[in-house]
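The values are calculated or read from the model by the stated rules, or taken from the named source; none is laboratory data. Note that the structure is a prediction, hence the values are computed from the model and not measured. So basically every Cβ, Gly included, is an ideal-geometry build from the backbone, and we count neighbours across all protein chains shown. Ligands, DNA and RNA are stripped out before the accessible areas are found, and what is left, the full protein with its side chains, is counted by its heavy atoms. Shrake-Rupley method; radii C 1.70, N 1.55, O 1.52, S 1.80 Å.
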Amino acid sequence: MKKLGTSILALMLVMSCKTKTATDHQTEKEKLSIEKDKDQDGVKNRKDKCPEIAGPIENKGCPFPDTDGDGVPDKDDQCKELSGPVENNGCPFPDTDGDGIIDKDDACPTVAGPAENNGCPWPDTDGDGILDKDDACPTVPGLPEYNGCPKPKSLTASEISYSPRNSYALGRSYQLQGKVYNNHVETKKGKKKVARKGDYTNEEYDALVENPFELTKNQPLSTFSIDTDNASYSNLRRMIEYGEVYKNAVRVEEMINYFKYDYPQPKNNQPFSISTELGKNPWNPNHQLLKIGLKGKNIPMNNLPPSNIVFLIDTSGSMAAENKLPLLKSSLKILLDQLRPIDKVAMVVYAGSAGVVLPPTSVSEKGKIIESLDRLEAGGSTAGGAGIELAYKLAEENFIKNGNNRVILATDGDFNVGVSSKGDLESLIEEKRKSGIFLTCLGYGMGNYKDSKMEMLADKGNGNYAYIDNLQEANKFLGREFAGNIYTIAKDVKIQIEFNPKFVKSYRLIGYENRKLRNEDFTNDKIDAGELGSGHTVTALYEIIPANVNSKFLPKQNTLKYTSNSVSQKSGNELGTVKFRYKKTQGTKSAEIIHVIKNTASEKESNDFQFASSVAWFGLVLRDSDLITRKNLSEIEKMAKDSKGEDKEGYRKGFVKMIQDYKKMSK
């Protein structure tokens, strides 16, 4: 036994020596390989044709040549003299029409066209020299000064009958039952500007009272519903083009949210991301601005649920104008181009009565849908309530569980038969909301446009609202931003922020006047709020008076006997806490997300912060706000220009032009 133990010990010592020797030998070999292979490409120097430059063994240690320097070696490059991507074997992608858009991305590869129209030339259907994207009447020749429409008959008549004696009647302003008719912004002190290019006396807008400053010690909470509508912006663009702006048509939050901002994609299966930024206030320099941003999760088209869509189309006599029913038809064709064969479309029309002109039809039969659309003509009164009833009935009969069920109402809002008052329509649409069917409102036309009814229907009907003033706007809302506007990913989205009086003396919410909620409504799941679509962004701005600033806009503070005004010092560097509540599209219970805002201002505000600030600033000037000290349009224009950023679609450039047009109008 002793001999056996000794033998095992000896064997272990031998193995140890062998292992050590092998390791030492391997290290020595590695050192030699470094000396013998200078460029460390695995080919010894004596066999390496390029000992100073690493190259593959199959090319004797030399790198394969790349004549055109495109990263594709000549042996694999089908275009050795021309630089090109790997995925095209080193050849440049062709651009047959020379428009700068390669054929693989060009929808019209043989005809030059701009990138924003996918390489196709913009059409001019009526041949009046005004491209359809800028033409409010794309099927009828018109004049540039009327956005491609013929000269309005009402304008011709007013030119003939106009005299200084009756000029006040044309531009008068009056109010009835909370509606504002023809309430415009004066453009010269002491003089009211008469509408030069249209008659707006029958247009209706809800009167808005600008949000005041709140003392944080008395009211630290602010609660509101998100708003994804952007109708106010395009409507104001139309008004500026026609020479007159109505104060109550200005909803600042819709102007801000007309534009998209660079917010990150959500994480951890949340439906939206949250971003905040604190910076300078351009219209009250001693104050600050807090920007709160949401971005809905981008869902690829292939993953979006099938759609059950009912077009509810106003074909009454008031829709006969070229910038109403004809533009409406062109708009809905843009929407059809975005839908897939798995989606279904039905069509209900209403005038003196309502009827189904197209039963639910697969988008694979697009020709049949377009044929039904093209046959529509305007005439008769407007039974809007009956149309809503029938459209929702049809949508309910074809309801797709976990699908995108939506009514798309296209009208000027001038309901005058049956259920037509705002109160009755509100009750009707609130009842229909319970069906789980969403609503999109598309507004058209001018002169008798009922903005107040359109906005109410969208707000109360789990929906959104856009004003389509030309085909370019239709392309934006129903084409480029189709998924965000038509596919809801979260509903009843509410925001509540608690400001810290340690850092915030007073605050006010910019815009959202008709979206404010009671603080107790935040946790009440029965209270309706706004919807968020796929990839959609929502932005809100708060104006803040810091704790160390005295401002003429500060509300007066009462001395309280029983309520303490002391400030807690346990909040660290927190400016405030913002909470978000939302429901899934078919859900009934809300989830909550909490985000803490640090009291740290940006050293240099982002382009998005500055651009959103410039849009809000312009909106406050249009509203003739009493809560701003600086109203210089040239300063607003410069701020907008300097913060445009990349602006691929040119929408921000369009905003700069809008300011310039308003400056000319105001002279």
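Here are some notes:
- Flag for ILE597 being closer than 18 Å to TYR233 by Cβ, in contact with a Ser or Thr (Cβ under 8 Å, 6 or more places away or on another chain) and either loosely packed, with under 14 Cβ neighbours inside 10 Å or β-branched (Val, Ile, Thr) (or both): no
- Against the conditions (1) at pLDDT 65 or above; (2) more than 29 Å from GLN288 (Cα to Cα), LEU221 satisfies every one except (2).
- Test: residue in region 62-76 that is part of a loop (DSSP other than H, G, I, E, B), over 52 Å from the mean Cα position of the chain (by Cα), farther than 30 Å from ALA115 by Cα and modelled with pLDDT of 85 or more: yes
- Sub-6 Å Cβ pairs linking a first residue in region 457-485 that is under 30 Å from LEU517 (Cα atoms) to a second residue that is of a type in the set (Phe, Trp, Tyr) and modelled with pLDDT of 90 or more, at least 6 apart or interchain, are ALA458/TYR465; ASN462/PHE438; GLY463/PHE438; ALA466/PHE477; ILE468/TYR444; ASN485/PHE477, ordered by first then second residue.
- Residue among ARG652, ARG623 that is open to solvent by less than 70 Å² (accessible area, probe 1.4 Å), among the basic types (Lys, Arg) and farther than 18 Å from LEU541 by Cα: ARG652
- All conditions but one from (1) in contact (Cβ under 8 Å) with a residue 40 or more places away in the chain; (2) part of a strand (DSSP E or B); (3) open to solvent by less than 10 Å² (accessible area, probe 1.4 Å) apply to THR361; the one that does not is (1).
- The one condition from (1) touching an Asp or Glu at 6+ places or on another chain (Cβ under 8 Å); (2) polar (S, T, N, Q); (3) free of Cβ contacts under 8 Å to residues at least 60 places away in the same chain that SER421 does not meet is (1).
- Any hit, region 572-592, residues being within 30 Å of ASN269 (Cβ to Cβ), among the basic types (Lys, Arg) and surrounded by fewer than 13 Cβ atoms within 10 Å (Cβ to Cβ): yes
- Scanning region 564-582 for residues that are under 20 Å from ILE274 (Cβ atoms) and modelled with pLDDT under 95 yields a total of 3.
- Restricting region 364-391 to residues that are more than 30 Å from the chain's Cα centre (by Cα) and among the basic types (Lys, Arg), the residue that is surrounded by the most Cβ atoms within 10 Å (Cβ to Cβ): LYS368
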